[in-house]
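Everything below concerns the one structure shown next.
The values are calculated or read from the model by the stated rules, or taken from the named source; none is laboratory data. Since the structure is predicted, the reported quantities are computational estimates derived from the model, not experimental observations. When we count neighbours, we look across all protein chains shown, and the Cβ atoms used for this are built from the backbone with ideal geometry, even at glycine. Areas reflect the complete protein model, heavy atoms only, side chains present, ligands, DNA and RNA absent. Shrake-Rupley method; radii C 1.70, N 1.55, O 1.52, S 1.80 Å.
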2 protein chains.
Amino acid sequence: MEHIFITDVAPRDGLQSQAVTVSTSNKLRLIRALADAGVRSVEATSFVSPKAVPQMADAAEVIAGLRFLESETGLRTSALVPNIKGLERATAVGAREIAVVISATKTMNLKNINMNLAEAEENCKATLHAARASGLATRAYIAVAWECPFEGVTDPDTVVRLAAAMRVAGAGEIVIADTIGAAAPGQVAALLRVLAQSIPLDMLAVHFHDTRGMGAANAYAALEAGVRRFDASVGGIGGCPFAPGAAGNLATEDLVMLAHQCGFTTGINLDVLLLAVDMSEAFLGRPLGGRSMPWLRNRQQQRVAQGS
Amino acid sequence: MEHIFITDVAPRDGLQSQAVTVSTSNKLRLIRALADAGVRSVEATSFVSPKAVPQMADAAEVIAGLRFLESETGLRTSALVPNIKGLERATAVGAREIAVVISATKTMNLKNINMNLAEAEENCKATLHAARASGLATRAYIAVAWECPFEGVTDPDTVVRLAAAMRVAGAGEIVIADTIGAAAPGQVAALLRVLAQSIPLDMLAVHFHDTRGMGAANAYAALEAGVRRFDASVGGIGGCPFAPGAAGNLATEDLVMLAHQCGFTTGINLDVLLLAVDMSEAFLGRPLGGRSMPWLRNRQQQRVAQGS
C-alpha cells in the first residue's frame, strides 16, 4: 500500500476567514484532536498583520503552545509568514517550519500583498533563504495556480517558472494551490504533468478548495499524476461563510475516504477524525463537514446502534 | 473537442423514491425543460408495479405524452421494464427504447425482484430478446456493480460475465451502475479497465450516485478510462429524502461542468439547465442541486446584476 501525506490546514486556511473568533486554547485543542486522529502535519497559524486577519492575532501563542505536542507526537506544525519580519516573529517563538505564498498572477499579488509579481517573488525568495539559514523546514505556495479571480485562467508557464524559482530559493515542498476552487481534474492533470518535468514529484503538494464540488475529483487527478502530498481541512472549514458560492477547502475526511478506498494509507482514523469535526462545529457554532459527512455520520450512528 | 453523451435519469431514478407525487403533466414539463437545455436522452419512467412504486403509476401516460416531443426534437426517451409484461405495457403505448436491470449479487436480486441471480439473468435476456424483436433500442443496467448493501464488495468477474451476457442477448448499451454510491475512482478505473477487454467502450455507460461525495471523481475516472456515456440526474434528484446518508444521483449540472472544463462537449447549456433545477424544486418543494449548485447560483446572480 502506498502512503499519502496530508497537511491539515484548518487551523490556518480554514479559520482565517471565519467570523467567529476561536480562542487560542481551542485552536490548540483542535490541533491535538487532529494529531489524535493520526494527522502528522498541521498548518497551525499565520504571522500576518493582526489588523488584516484578526483570527491569527495569537500566532505566537499558538506556536509556543504547540511545543509540547510537537515533541510528544512528532507532529509537524507550520506557520505561514508573509515576509522576513513575519519569519522573525515565528522563529522568536520556536517555529520549526514556515510557509510562504506567491500568487501566479500580477493582480492577485497586488490585491493580496500590494506587490507586483517580481517584488512578490523577491520577497518569497529572501524569506525562504533566511528560513533555511535558520535551519527551518519550508513550504512555498503557488497560489491561484489554475485560475485567478481577477485575471482568469493562469498561465501554466508562470506556475512552472515560480515553482522552479521557489525550489532554487530553498523551498522543501512546493504547494500548487487552487485558491478559489476553480480547477477541474483534467486541468489538474495537465498542469501537474508539466510541473513534474522540472520538479521532483515528492516535492510537490496540492491544495484544493471545493467551491465547485470538484475537490475530490481534483485530488484523484493529482493521485493519478503521482502526487502524494495533499493539503486538506478537517470539516471542509474555509472559504467565507457569508459569501454565497465560496465553499471551503477540500475536507480532510473526503480526501481520507477517497484515498483509503483507492488503496492508499494515510495514517488517519476516520472515526477519530469525526471528533475533530464535532469539536470544530462546537467552536464555530455551525454545521461543518465535507461531501461525505452525511454518509460518515450515518455509518457512525449505525455502528453505535449495533454496539460495534 | 470530444463529445460525451448524457442520459438524464431524474424522471425515473430521481423521482421514483420521492415522497411528493409529481403529476404527469409536471413530469412532461420537466422532460421538456431538459430537452430545452440540450439533453438528448432521458430515462422517462418505469413500467413497474404501481403498488411497489406509486410515483411511476402513470408510466403509460408519460410515454404517450412524449411522442410529440420525441418527433419534434429527436430526444431519446427510455422506459425501465422489469420483465416481458412490463415490456408489453411499454410497447403498447409506443415506447421506442427500454432498459432492463440485473443486479450483480444474489441477495440484491432476491430483495429487489424476488429472483436469484440465474433467474434474474434469464428474465433480462428474455426481455431484451423480445424488445429487439420488436425493433426497440435497449439498455441493460448492471446494478450494484461495485458494492452491494447486502453482500459488500461485488465480484468483478460477475459484472464482466453479466455485461457480456446482456450484450449477447441484444443490449445496445451496458450501464455499469454504482447503485448505492459506494465506489471510489480507483475502483471505477479498475473495473472499467477489465470490462473494456470484452465490451466495446462505446457500448459502455456509467451510472453514479453521490452518496459519499465521490460522484464527480468517479465520473472523471470513467472519462479517463475512455467511457463517453453517462447517466446523471438534474439537481441530483434521487436517493431517499428521509434516509440520512442516502444522497441522490450524480447531478447533471456537476457532470456537465466537469466535462466542459475538461474539454468535452455535452450539447447542454448550464444556464438553461438551471431552469430545470428550479422547476424540480417547485415540483418537489425542497431545495435541490448538485455539489456545484451554490457556485452556479452565485454566478447566475452576478450575471443578472451585471446585466449580461
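Could you please find all residues in region A:174-186 being within 20 Å of the chain's Cα centre (by Cα) and open to solvent by 10 Å² or more (accessible area, probe 1.4 Å)? Across region A:174-186, the qualifying residues are A:Thr179, A:Ile180.
Scanning for something surrounded by 15 or more Cβ atoms within 10 Å (Cβ to Cβ) and in contact with a Phe, Trp or Tyr (Cβ under 8 Å, 6 or more places away or on another chain), does region B:280-289 turn up at least one residue? For region B:280-289, residues surrounded by 15 or more Cβ atoms within 10 Å (Cβ to Cβ) and in contact with a Phe, Trp or Tyr (Cβ under 8 Å, 6 or more places away or on another chain): absent.
In region B:290-308, the qualifying residues are those that are part of a loop (DSSP other than H, G, I, E, B) and loosely packed, with under 13 Cβ neighbours inside 10 Å, and the one that is nearest to the other protein chains (Cβ to nearest Cβ) is B:Ser308. Looking at A:Leu274, A:Leu270, just one residue is closer than 17 Å to A:Gly14 by Cα, within 14 Å of chain B (Cβ to nearest Cβ) and modelled with pLDDT of 95 or more, and that residue is A:Leu274. Taken together, A:Ser308, A:Ser292, A:Ser233 contain a single residue that is at pLDDT 95 or above and of a type outside the set (A, V, I, L, M), which is A:Ser233.
Please work out if B:Ser78 is within 28 Å of B:Asn123 (Cβ to Cβ), touching a helix residue (DSSP H, G or I) at 6+ places or on another chain (Cβ under 9 Å), open to solvent by less than 10 Å² (accessible area, probe 1.4 Å) and of a type in the set (Ser, Thr, Tyr).
Values: within 28 Å of B:Asn123 (Cβ to Cβ): yes; touching a helix residue (DSSP H, G or I) at 6+ places or on another chain (Cβ under 9 Å): yes; open to solvent by less than 10 Å² (accessible area, probe 1.4 Å): yes; of a type in the set (Ser, Thr, Tyr): yes.
Yes; evaluated as a whole, the condition is true for this residue.
Among all residues of region A:126-148, there is at least one that is open to solvent by 40 Å² or more (accessible area, probe 1.4 Å) and within 17 Å of A:Ala183 (Cα to Cα).
For the subset of region B:179-234 comprising residues that are assigned to a loop (DSSP other than H, G, I, E, B) and of a type in the set (Lys, Arg), which member is nearest to the other protein chains (Cβ to nearest Cβ)? Explain how you work it out, then say what you get.
Of the residues in region B:179-234, the ones assigned to a loop (DSSP other than H, G, I, E, B) are B:179-184, B:196-200, B:210-214, B:225-228.
Still in the list and also of a type in the set (Lys, Arg): B:212, B:228.
On the way: B:Arg212: 5, B:Arg228: 14 Å.
Among those residues, the one meeting the criterion is B:Arg212.
Considering (1) of a type in the set (Gly, Ala, Ser); (2) open to solvent by less than 10 Å² (accessible area, probe 1.4 Å); (3) touching a Pro at 6+ places or on another chain (Cβ under 9 Å), the lone condition that A:Ala247 does not fulfil carries the number (2). Every condition in (1) farther than 24 Å from A:Phe264 by Cα; (2) within 11 Å of another protein chain (Cβ to nearest Cβ) holds for A:Arg161 except the one numbered (2).
Go through region A:277-289 residue by residue and tally those that are closer than 25 Å to B:Pro185 by Cβ and away from every other protein chain (no Cβ under 11 Å). Quick ask: steps written out before the conclusion?
Here is the first cut: in region A:277-289, the ones closer than 25 Å to B:Pro185 by Cβ are A:277, A:288-289.
Then drop every residue that is not away from every other protein chain (no Cβ under 11 Å), which leaves A:277, A:288.
Adding up the residues that qualify gives 2.
Regarding region B:254-266, can at least one residue be identified that is more than 14 Å from chain A (Cβ to nearest Cβ) and either farther than 27 Å from B:Leu28 by Cα or open to solvent by less than 40 Å² (accessible area, probe 1.4 Å) (or both)? No: zero hits. Are any of the residues in region B:163-170 out of contact with any Lys or Arg (no Cβ under 8 Å at 6 or more places or on another chain), part of a helix (DSSP H, G or I) and buried (at least 23 other Cβ atoms within 10 Å of the Cβ)? Yes: one or more hits.
Against the definition (within 20 Å of A:Met203 (Cα to Cα) and free of Cβ contacts under 8 Å to residues at least 24 places away in the same chain), how does A:Ala133 come out, yes or no?
Yes; evaluated as a whole, the condition is true for this residue.
Being touching a Ser or Thr at 6+ places or on another chain (Cβ under 6 Å) and acidic (Asp, Glu) holds for only one residue in B:Glu224, B:Glu151, and it is B:Glu151.
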